[in-house]
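Novice: Right, I'll just put the structure down here and ask away after.
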Amino acid sequence: MTKQEVFKLLAMIETVYPLCITKDETVSHWFELCSQLDFEKVMGKLRNHIRKSPYPPAIADIAGFPSIYEQEEDSYKKISWLKEYTLK
């Protein structure tokens, strides 16, 4: 994610959550932590967060990593596939 994309992300958060005010050091921290993340995935997570929560997100909420639920679901699919494969 570029610094410009971090600005867009934080601007969207400020627009939706008016009590959330971004300081210069906040931008630096978010850029440092989000520089390796995919902007489109993070924005998708942010949009989902906005639909569900009246509170501003933490980085972990929108980082674009699979949630624990998604990881468990993937593990279940892999196990199901493995069982099916080994039973043949």
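Novice: Listing Leu19, Leu9, Leu46 from the residue with the fewest other Cβ atoms within 10 Å to the one with the most, what is the order?
Specialist: Leu19, Leu46, Leu9
Novice: Per residue of region 44-58, what does 6.51 cos²θ - 1.76 cosθ + 1.60 with θ = phi - 60° give for ³J(HN,Hα)? Whole Hz please, x for Gly and Pro, Karplus curve as stated.
Specialist: x, 5, 4, 4, 5, 4, 4, 5, 9, 10, x, 10, x, x, 8
Novice: Between Ser53 and Phe7, what's the calculated FRET efficiency when r is the beta-carbon distance and R0 is 25 Å? Round to 0.05. Show your work: numbers first, answer last.
Specialist: Values: r = 22 Å, r/R0 = 0.87.
For Ser53 and Phe7, the calculated efficiency is 0.70.
Novice: Same structure again: Sort Val27, Val6 so the one with the fewest other Cβ atoms within 10 Å of its own Cβ comes first. Before the final figure, lay out each step's value.
Specialist: Numbers: Val27 15, Val6 24.
Taking fewest neighbouring Cβ atoms as first place, the list is Val27, Val6.
Novice: Using a 10 Å cut-off around each Cβ, can you sort Asp24, Asp38 from fewest to most neighbouring Cβ atoms?
Specialist: On the way: Asp24 7, Asp38 13.
Listed from fewest to most nearby Cβ atoms, that is Asp24, Asp38.
Novice: A further question follows. For region 11-22, just list the computed ³J(HN,Hα) in residue order, Karplus coefficients 6.51, -1.76 and 1.60, θ = phi - 60°, integers in Hz, with x standing in for Gly and Pro.
Specialist: Values, residue by residue: 5, 5, 4, 5, 5, 7, 10, x, 7, 8, 10, 8 Hz.
The numbers here are math on the coordinates, done by the rules we state, and not lab data. A quick note: this is a predicted structure, and the numbers were derived from the prediction, not measured. Note that we place each Cβ from the backbone using ideal geometry, even for glycine, and neighbour counts take in every protein chain shown.
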